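Below: one structure, written as structure tokens.
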Amino acid sequence: MKDQNMSIIDFSTKVFQEMIEAELDVKRLVPNVLVHFLKSHKSPLESSCKIEGLGSNVKSTSFKSVERVKKVLCFCKTGDPTSLKKEMIGIPLCVLNDGTLTEFSTNSPPFCSQHCGIMQRLGNKFINMKCVSLLKGIETPCLKEFGLDEFSELIKFVLSPEKFCTSNRVVKCDLKQQVVPNGSWLKNVWEFINECVCEIQEKSQNKKEASKQIVIRELEGKLGNWNLLPVVIENETYLQCINQSAFVLDLSTFIHLKHLYDAIKVLNVPCLQWSIFRKWGDSGDFVESLTLVKSLVASCYDPVMVLQCLVHHLKNKGVDISEDYCNTIMEYFNDNLEVIKGQMPNSASRLRELPFYVTVSGENWCLQNQQVNVIVLPMGMELAGIEEWAERSRIVLLNVNERISSLHRFLGFASSCISRVYIDHIIPSFSNIPDDSIIPHLQFIRDNLLNCQRQSSFNKEQEILISALKDCKFVLSNGQRKCAKDFYSPHNEVFNVMMGPYFFPPEPLSGDSWKIFMELSGMKKDVEPDMIIDLAMEIASEGRVRLTEDTCKKSEVLLKHLNRCSKEELNKVPLDEIKSIPFIVPFKEGEGSPLLAIHQQLQGGHLISFEDAVPEIWKDLVWTSSCMLPRHAYLDDKGERLYDRVEWLANKPQAIKVVRNLQNISDAAKQIMANSPKDLFICSIEGIFTSHYDFLKNYCLAEDVITDLTEKPIVFLKEEKNCVMCKQIVYSLEEKKTIKPYLYSAPLDYGHYNSLFEILGACKKVTASHYAQVLHDLYLDTLDEHGDADVLDPNERRKFLFQAVFGLFTTPSLSEIRVPELYLPDRLFALQKSRNLIASDSAEFEERMEVKQGKCFFLGFHALHLMGLDEVTLLKQLPENFQPKILTETVYEKVLSPQVLHQGRDIAMLSQFLKCDEFVEGIFRLIADERKKFSMFTATGSSNYFLNEKEQALHREKINNIKVEQVARLETVLVRKSDEQTLQGSTACKLSMAEKKNSKSGTDNWSLYCVDNQQNLTEWFDDISDDISKILSSVSNQELRENQKYILPILRCIKNPSEIKRLLDKRNIVRFGLSDPTSEMFPPPGTFVPKCLHHRLDNRFSEFEKEEYVALMIHEEEVKNGELVNEPVYIYAVVRKCLGEPENVSLRGEMACMQNLYLLDIGNDTFEEFPALKIFKFHRRKGPRSTDIQQAVNLDKGSRRNLDDTLIEVREQFFAIFALDGEAERRILLRRLRARYHPDQNYGNEEEATRVFQFLEDLIRRMREGEFTIGRHSTRYPSQDIPSTYSPPPRQPFYQPSHQPSSCSDIREKLSVPQVARKWITQAKRDVSAAESFLPNAPDVDGFNWICYMCHQVSPRGLSK
């Protein structure tokens, strides 16, 4: 105010009070004083208010800005309001919206309104926007209110009346333009109008009744002609007159009805442009004025206004929209029909004016004419020619829509079912149907209304329709329309051969599909029975001369007619005469038939009778043994058989004819199969054979028939393209054991013929006889022209010979062979009679016999790749008449007059060595090892493979009985057993020979003859080891097989028998008399983990696998004052199952797995659940070891993370641990976290680990001092939950060596075992339970002493725990 010439000093209140007390002439500035000073601006006094530039822009005045004027006004308003109202006139603080500063005056007072912005270019008529809030509510003649009346008077200065003041048209407008009207201006205008409307509603006496009509009346009376309503038409923005708002749609209210929304949108009627009503900066909310605007326009919730709007815009206009959209709009009005009828008196006429009635032609009609006849066609109606019929009949046809059926009934449209439409409308005026549309309508009636092909009885409605058809002229013949009753049925063959074409209805009504329909419509169909005999005699007479095509046709017609006759109709015909008349053309198989490709058909006369033939359906069974009736002779069109109605007609062929047919075709089919026929032909042959099987399996065949069929290849094998005899079929034979083409497994498809095939020679299981028969058949196939067996080629050996011999000797029924002769291969791979062959079981004998011819020797199992089979044993299981001769049973080796000498040094040493304990124990180990290998090979899993005491004694006795004798010269000769004749040229000199001699006790004693030729022991043992092995194998009952190879190394230990044990240990031979060496491999669960393994325990947060050995912590370490008081205790455990996470999991990330629960085996068959935080893995570290219990984290230099990320992770893990509820959990997890980053546990990465560890220690210190608050824990965290910082103990080796070596197992054995302790306490509990259970019965048996004794035993057992 100093700038306005006001003498004013700014003092504090205290200074002002002191000036008053000093009685100085000072006054406090109050609003009234300021008002009077301002009003003196026109006074010429020097002390009056001086305002420069009054009447010009405020910036050029002494106030300089509107804000300074606003501050003065604000101070003036703090005084008495009443005084301000009275003194308002003349105050020079009136700032207009155009910036002019003037005084408040009653001459042309300005408007005081916050909506001054909508009156652009009229700023001189409004108070400045910044001052409106101060002056609002002050009732003074210096200010005027701005309402609808004022807006209607001033808007002509803002908008051009010529362009924007229309009565019923729209004005195109760009809402994004800078000049008005634009979107922002329209939103502000409607905000102003909404505020005025709210004031109108508040002034109304009945606020509930201040309805939309009042609002509309007010707006239309004042702004009705102004185009202020934004609308969208064809994606263009327009301004609509307010008085036309009822004809604008609020499309947003239809958006929840998606299909209706799309339908109305394509109509291009004016729709409200509501997007301009969004609030600035908010994409989801709208201004309040949008509610007012929506109340003016038609919405989804006011169907009457929607109807008026659509009629207003679309009346008498064509609408090109889809039928689906039309139905959607009409469904909307149908759903709101009751509302429309209640609020609109002329609703029916209004609804007829809608152009959404879809005709059958797809056009959209407007039904304004009330006199037009409208029919709603039902769904599925035939529409061919219906439009021409409707036009000629002056009818409008609409498509049916069940969703708008109520609307159709309200409008009086005729609607009924399809049959009534035909009965009441179409058939009576059927002449109006175009000629080319007659057949479609008849076809529709036939297939849909009468359903002639599927039903024989009709309801009442259908009978009325049939009655109407009988009198309807719908048959177009020679240009005229006739009834169906004027024609004969063309479907009766008798009529066809008797009458001309003019007696039948034209095409297509003469077709098969029209037969029932035409007969229902009155067409004649019956034939007289007296024509049948005459026609049959006529056919037979013509057939005796020659068989013409016409004769064949007549025969076929008569047979079909007989087949169509019912049993009652046939009784009227003299059938006894017909059955003997030869009027039937026999069935002949076509040239391309697979039957004729197998065998020729039986030939008969030109014509046959019913008595001489079999129905054609049995042709696969009898085509080579009987004449056949054609199909039309015994089957009607429906597949019903004539012989079901005529007793004398044959139903099935005779079994003997089927057998003869099978015999005829079996040999022919086998020959055809050899020529590789096509697959399609093979399928046909398979069907033919199976039809024979199906027929014969139900008959009891005679013995002579069975004999004939057994030797015939009647079993057809599709996959093999072959026919075989039943005796070549085995049901349970594996595919890999089949020997094709000699032995087959039964096809799975032939399973239901098993009983038939068994009668004819098939077997359920394969026997040795089958393979013997294969060798027999193979021998026959290899005979040359001279009758000698030829040598088998390699393919024959692989495919037939090897499999047959293998099957022969591996089948249990070897002794039950039933073949004429058994053939086995000789060494030239030619089959010979088995009894003429020699089986060699000694290569030495064979060589000394000087046999040069391979034909006399059996090929042998080795050459046949029959490994693992005892050749001699199996050959002896053959029937005696088929057994080959065994070489060693034919000849034997005999020593020629041995000259026994006194034992030399080497011989004596060998004799003593064979009886020493080390040698005997070594033999026992070899036998036990053989037994173990055999048990593993046979999967018996037996661990009892050691020799018991009785076996040891027996074997030791046999070994001690071995007699070693030294001879000067050792000569042997081969002797034939049959005649004891010595074989010439079989004498041989040997260094050793084992000879078995029978003792008086019946046991076998062995003598070993040796020649001491003074050679090196090693070379000598090489020569005699085979004979020693032979003796030891016999002594061990042939249990030494593979381990015979160790006999020679054992013999070489003759000078140092103690080396035998080391030798066998080196070769992993089972130790005799020891338990399973793996029993100590795994420590039993429940035993303590020795301290020497504590450094192997892994502190990382990890999961555990099933069956994994782990360490379970049962006691934590105790640390006091930084010193380790008690070390932690761990026991071995085995993970049996992961139980997953508990219900409440508080840890996340890497540490989440620490709360998983695991089921552990802790020994003594005890299983308990433990959290992962108490379980430790065993982990081998690299680098120096420490005795600290935790394993280091893997901080690899090559994959080292950023140090900051590691510190962040450690901090998160630290706070997550201290957010847990359990103290023990927090303590253990924190200890594991510290140990994880301890420098001693991170070899090679000590520097980074030290920084992380120091960071963690600092967190612990700050937590102990109360700097952190976590969750519900107090600020001063309990110190006992935070382990004190301690230095790890010095590194120690795995264990300290002492004066005696030790191992981890030794340490484990010295520890107290919790498993044993639990056993003691369990036994103590059982003793107490036993005593308590016995107590009630103690008086009866005087058993109190025993109870006292049991209780006495409980005490020491419990203390042992």
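Please go through region 849-869 and pick out each residue that is open to solvent by 90 Å² or more (accessible area, probe 1.4 Å), modelled with pLDDT under 80 and not hydrophobic (A, V, I, L, M, F, W, C).
Across region 849-869, the qualifying residues are Glu850, Lys852, Gln853, Lys855, His865.
Among all residue pairs at least 6 apart or on different chains, which show Cβ distances below 8 Å where the first residue, located in region 87-111, is crowded, with 18+ Cβ neighbours inside 10 Å and the second is in a loop (DSSP other than H, G, I, E, B) and of a type in the set (Asp, Glu)?
The qualifying pairs are Ile91/Glu103; Pro92/Glu103; Leu93/Glu103; Cys94/Glu103; Phe111/Glu145.
So which residues in region 294-317 are over 17 Å from Tyr357 (Cβ atoms), of a type outside the set (Gly, Ala, Ser) and in contact with an Asp or Glu (Cβ under 6 Å, 6 or more places away or on another chain)?
Selection gives Lys294, Val297.
Of all residues in region 935-948 being within 24 Å of Arg1062 (Cα to Cα) and surrounded by fewer than 19 Cβ atoms within 10 Å (Cβ to Cβ), which is modelled with the highest pLDDT?
Going through the qualifying residues, I end up with Asn948.
For the subset of region 114-130 comprising residues that are surrounded by 19 or more Cβ atoms within 10 Å (Cβ to Cβ) and without any contact (Cβ under 8 Å) to a residue 60 or more places away in the chain, which member is farthest from the chain's Cα centre (by Cα)?
Lys125
If you scan region 155-170, which residues turn out to be in contact with a helix residue (DSSP H, G or I) (Cβ under 9 Å, 6 or more places away or on another chain) and surrounded by 16 or more Cβ atoms within 10 Å (Cβ to Cβ)?
Ile155, Val158, Phe164, Cys165, Val170, listed by residue number.
Could you check region 75-122 and list, in sequence order, the residues that are among the basic types (Lys, Arg) and either more than 14 Å from Lys136 (Cα to Cα) or touching a strand residue (DSSP E or B) at 6+ places or on another chain (Cβ under 8 Å) (or both)?
Once the filter is applied, which keeps residues that are among the basic types (Lys, Arg) and either more than 14 Å from Lys136 (Cα to Cα) or touching a strand residue (DSSP E or B) at 6+ places or on another chain (Cβ under 8 Å) (or both), region 75-122 yields Lys86, Arg121.
Of the residues in region 491-526, how many are closer than 21 Å to Pro440 by Cα, open to solvent by less than 70 Å² (accessible area, probe 1.4 Å) and assigned to a loop (DSSP other than H, G, I, E, B)?
The number of residues fulfilling the criteria is 10.
Name every residue in region 430-472 that is in a helix (DSSP H, G or I) and of a type in the set (A, V, I, L, M), in order of residue number.
Ile438, Ile439, Leu442, Ile445, Leu449, Ile464, Leu465, Ile466, Ala468, Leu469
Output the residue which, of all residues in region 266-288 that are outside any loop (DSSP other than H, G, I, E, B) and modelled with pLDDT of 75 or more, is surrounded by the fewest Cβ atoms within 10 Å (Cβ to Cβ).
Checking each candidate, the answer is Ser275.
Tell me, which residue of region 789-810 that is in contact with a Ser or Thr (Cβ under 9 Å, 6 or more places away or on another chain) and open to solvent by 20 Å² or more (accessible area, probe 1.4 Å) is modelled with the lowest pLDDT?
Glu796
Please verify whether Val33 is at pLDDT below 75 and either under 25 Å from Lys85 (Cα atoms) or of a type in the set (A, V, I, L, M, F, W, C) (or both), treating the condition exactly as stated.
No, not satisfied.
Take the residues in region 785-818 that are closer than 12 Å to Ala830 by Cα and not in a helix (DSSP H, G or I); name whichever of them is nearest to the chain's Cα centre (by Cα).
The selected residue is Asp793.
Going by the conditions given, is Ser580 farther than 18 Å from Val494 by Cα, surrounded by fewer than 17 Cβ atoms within 10 Å (Cβ to Cβ), without any contact (Cβ under 8 Å) to a residue 24 or more places away in the chain and not charged (D, E, K, R)?
no
Taking into account only those residues within region 873-899 that are farther than 30 Å from Phe809 by Cα and open to solvent by 80 Å² or more (accessible area, probe 1.4 Å), which is nearest to the chain's Cα centre (by Cα)?
Once the filter is applied, the top-ranked residue is Lys894.
Hey, among Gln368, Gln308, which residue is in a loop (DSSP other than H, G, I, E, B) and either in contact with a helix residue (DSSP H, G or I) (Cβ under 7 Å, 6 or more places away or on another chain) or open to solvent by 40 Å² or more (accessible area, probe 1.4 Å) (or both)?
So the residue among Gln368, Gln308 that is in a loop (DSSP other than H, G, I, E, B) and either in contact with a helix residue (DSSP H, G or I) (Cβ under 7 Å, 6 or more places away or on another chain) or open to solvent by 40 Å² or more (accessible area, probe 1.4 Å) (or both) is Gln368.
Kindly indicate the residue of region 1022-1038 that is open to solvent by less than 30 Å² (accessible area, probe 1.4 Å) and within 20 Å of Thr972 (Cα to Cα) and also farthest from the chain's Cα centre (by Cα) among those meeting that condition.
Ile1024
Does any residue in region 215-232 that is open to solvent by 40 Å² or more (accessible area, probe 1.4 Å) come within less than 8 Å, Cβ to Cβ, of a residue that is acidic (Asp, Glu) and assigned to a helix (DSSP H, G or I) six or more places away or on a different chain, and which pairs are these?
Lys222/Asp149
Looking only at region 685-727, which residues are in a helix (DSSP H, G or I) and of a type in the set (Lys, Arg)?
Selection gives Lys727 alone.
When you check Leu314 against the structure, is it out of contact with any helix residue (DSSP H, G or I) (no Cβ under 9 Å at 6 or more places or on another chain), on the phi < 0 side of the Ramachandran plot and hydrophobic (A, V, I, L, M, F, W, C), yes or no?
So Leu314 fits the description; yes.
Do we have Phe247 as touching a residue at least 40 places away in the same chain (Cβ under 8 Å) and touching a His at 6+ places or on another chain (Cβ under 6 Å) here?
The answer is yes for Phe247.
Any chance region 737-745 includes a residue that's open to solvent by 20 Å² or more (accessible area, probe 1.4 Å), in a strand (DSSP E or B), modelled with pLDDT of 85 or more and among the hydroxyl-bearing types (Ser, Thr, Tyr)?
yes
What are the residue pairs meeting all of these: first residue in region 792-808, first residue within 17 Å of Leu780 (Cβ to Cβ), second residue among the small types (Gly, Ala, Ser) and outside any helix (DSSP H, G or I), Cβ atoms under 9 Å, and 6 or more apart or on different chains?
Taking only residues 6 or more apart or on different chains, the pairs are Leu792/Ala830.
With respect to the numbered conditions (1) more than 30 Å from Ser684 (Cα to Cα); (2) touching a residue at least 12 places away in the same chain (Cβ under 8 Å); (3) of a type in the set (A, V, I, L, M); (4) open to solvent by 30 Å² or more (accessible area, probe 1.4 Å), which one is the sole condition not fulfilled by Ala597?
Result: Ala597 fails condition (1) only.
Which one of these does Ala390 not meet: (1) free of Cβ contacts under 8 Å to residues at least 40 places away in the same chain; (2) in a helix (DSSP H, G or I); (3) exposed (fewer than 13 other Cβ atoms within 10 Å of the Cβ)?
Looking at each condition in turn, Ala390 falls short on (3).
Hey, any hits in region 709-717 for a residue that's of a type outside the set (Gly, Ala, Ser), over 44 Å from the mean Cα position of the chain (by Cα) and surrounded by fewer than 17 Cβ atoms within 10 Å (Cβ to Cβ)?
yes
For region 750-761, does any single residue satisfy the condition of being in a loop (DSSP other than H, G, I, E, B) and surrounded by fewer than 18 Cβ atoms within 10 Å (Cβ to Cβ)?
yes
The values are calculated or read from the model by the stated rules, or taken from the named source; none is laboratory data. Note that the structure is predicted; figures quoted are calculated from it, not measured. Note: ideal-geometry Cβ built from the backbone for every residue, glycine included; neighbour counts use all protein chains shown. These area figures cover heavy atoms from the full protein model, side chains too; ligands, DNA and RNA do not enter into them. Shrake-Rupley method; radii C 1.70, N 1.55, O 1.52, S 1.80 Å.
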